[in-house]
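**Q** Okay, handing you the structure first.
The values are calculated or read from the model by the stated rules, or taken from the named source; none is laboratory data. The model shown is predicted, which means the values in this text are computed figures rather than measured ones. Ideal geometry is used to build each Cβ from the backbone, glycine not excepted, and the neighbour counts take in all protein chains shown. Keep in mind that these areas ignore ligands, DNA and RNA; they rest on the heavy atoms of the full protein, side chains included. Shrake-Rupley method; radii C 1.70, N 1.55, O 1.52, S 1.80 Å.
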Amino acid sequence: MGKALRIGHGESRPHDPARLDSVRADLTARIAALDVRAPYARARDLAVDVDAIRAIAHRNGLDPAVTVAHFLDSALARGEHGSLIHGWLALLSDAVRCERRDLAACESFAAACSVRLAG
């Protein structure tokens, strides 16, 4: 059988590549819109949008994107803003496009985020 795609709380349905591509396209568009607004928006406004992206990624099993969204939220909370957010959004976009959704992929993105957060 096909891989299960997580939706909601413990629910699953067969993996639908077309649906997942649509979700990725939506998230990519949301990230691009955030990137345009980032230099002018308040951190709390960006955080609301990042949380929406995180929730959509979580519902659809895009775990690397969930990982990066959590780190991006931490960066916003600690005061990063403006053009500094561009790199975070590029990393989030990479995570959304990542074909792998396993723990090792999440750990790789977490390591990249940790370096960025510490830098």
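**Q** Per DSSP H run of n ≥ 4, the term is -39500 (n - 2.57); total these for the chain, divide by its residue number, and report the mean residue ellipticity at 222 nm rounded to 500 deg cm²/dmol.
**A** Calculated from helices alone, the mean residue ellipticity at 222 nm is -23500 deg cm²/dmol.
**Q** A further question follows. Quick one: if you stick a label point 7 Å off each Cα along the C-beta vector at Arg42 and Asp16, how many nm between them?
**A** 3.8
**Q** A follow-up question, please. Using C-alpha positions alone, give me the convex hull volume of the chain per residue in cubic angstrom.
**A** In the chain, the Cα convex hull volume per residue is 90 Å³.
**Q** What does the extension gain come out to for Ala32 and His58, with contour length at 0.36 nm per residue minus their alpha carbon separation?
**A** In short, 7.5 nm is gained.
**Q** Might you tell me the accessible area per residue for region 61-119, computed with a 1.4 Å probe and given in Å²?
**A** Spelled out: the 1.4 Å probe surface of region 61-119, per residue, equals 48 Å².
**Q** Before anything else, pin down the relative contact order of the chain: Cα pairs under 8 Å, at least 6 apart, normalised by residue count, whole percent.
**A** 28 percent.
**Q** For region 107-116, in order, what is each residue's ³J(HN,Hα) by Karplus, 6.51 cos²θ - 1.76 cosθ + 1.60 with θ = phi - 60°, in whole Hz (x at glycine and Pro)?
**A** Using θ = phi - 60°, the values come out as 5, 5, 5, 4, 5, 4, 5, 4, 5, 5 Hz.
**Q** Right, something else. Taking a point 7 angstrom from the Cα of Leu84 along the C-beta vector, which residues in region 92-119 have backbone N less than 11 Å away?
**A** Label zone hits: 117-119.
**Q** Between Ala77 and Ser114, how high is the FRET efficiency from 1/(1 + (r/R0)^6) when r is the Cβ-Cβ distance and R₀ = 22 Å? Nearest 0.05.
**A** Calculated value: 0.90.
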